[in-house]
Amino acid sequence: QVQLVESGGGLVQPGGSLTLSCAASGISLNTYGVGWYRQAPGKQREVVATITGGGSTNYADSVKGRFTIIRDNAKNTVYLQMNSLKPDDTAVYYCHRFFGGYWGQGTQVTVSS
């Protein structure tokens, strides 16, 4: 069974940090492009960060310098390290493997004091 499972979301104060995980089963993340997306209430889903099969990364302007996408091939997992979180980062975060169009179920991140 193919699954992408996100975890690591939660409630954090502004300025805090979280690390999201996207663990895959039934498929490999190791040599494929993977992205982290987010969707806030009433807004469209937007791309946050991507990593290519070769390891090149790209970030939305709104998160550059604060978020880092990392792939751990041994664990078949892609992470999103999020620092200096802001209330505007509040959203459901999803991981996505481009080839095959696989999505996880999402994990909620809430940034609030």
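Brief remarks follow.
- Only a single criterion out of (1) open to solvent by 20 Å² or more (accessible area, probe 1.4 Å); (2) in contact with a helix residue (DSSP H, G or I) (Cβ under 9 Å, 6 or more places away or on another chain) is not satisfied by Pro87, namely (2).
- Selection status of Arg38, more than 29 Å from Ser113 (Cβ to Cβ), surrounded by 15 or more Cβ atoms within 10 Å (Cβ to Cβ) and among the basic types (Lys, Arg): no
A quick yes/no check of all residues on (1) over 16 Å from Gly100 (Cβ atoms); (2) open to solvent by 70 Å² or more (accessible area, probe 1.4 Å); (3) not aromatic (Phe, Trp, Tyr):
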position	(1), (2), (3)
Val2	no, no, yes
Gly10	yes, no, yes
Ser17	yes, no, yes
Ser28	no, no, yes
Thr31	no, yes, yes
Lys43	yes, yes, yes
Thr50	no, no, yes
Ser56	yes, yes, yes
Asp61	yes, yes, yes
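- Residue count for the stretch 69-79, restricted to those that are within 25 Å of Thr90 (Cβ to Cβ) and surrounded by fewer than 16 Cβ atoms within 10 Å (Cβ to Cβ): 1
- Answer from Gly106, Gly100 - the residue that is within 19 Å of Ala23 (Cα to Cα) and more than 13 Å from the chain's Cα centre (by Cα): Gly100
- Matching residues, the stretch 91-113, being among the aromatic types (Phe, Trp, Tyr) and out of contact with any strand residue (DSSP E or B) (no Cβ under 6 Å at 6 or more places or on another chain): Phe98, Phe99
The values are calculated or read from the model by the stated rules, or taken from the named source; none is laboratory data. This one's a predicted model, so the numbers in the text were calculated from it and none came from an experiment. A quick note on method: Cβ atoms are made from the backbone with ideal geometry, for glycine too, and the neighbour counts reach across all protein chains shown. Surface areas here come from the heavy atoms of the whole protein model, side chains and all, with no ligands, DNA or RNA. Shrake-Rupley method; radii C 1.70, N 1.55, O 1.52, S 1.80 Å.
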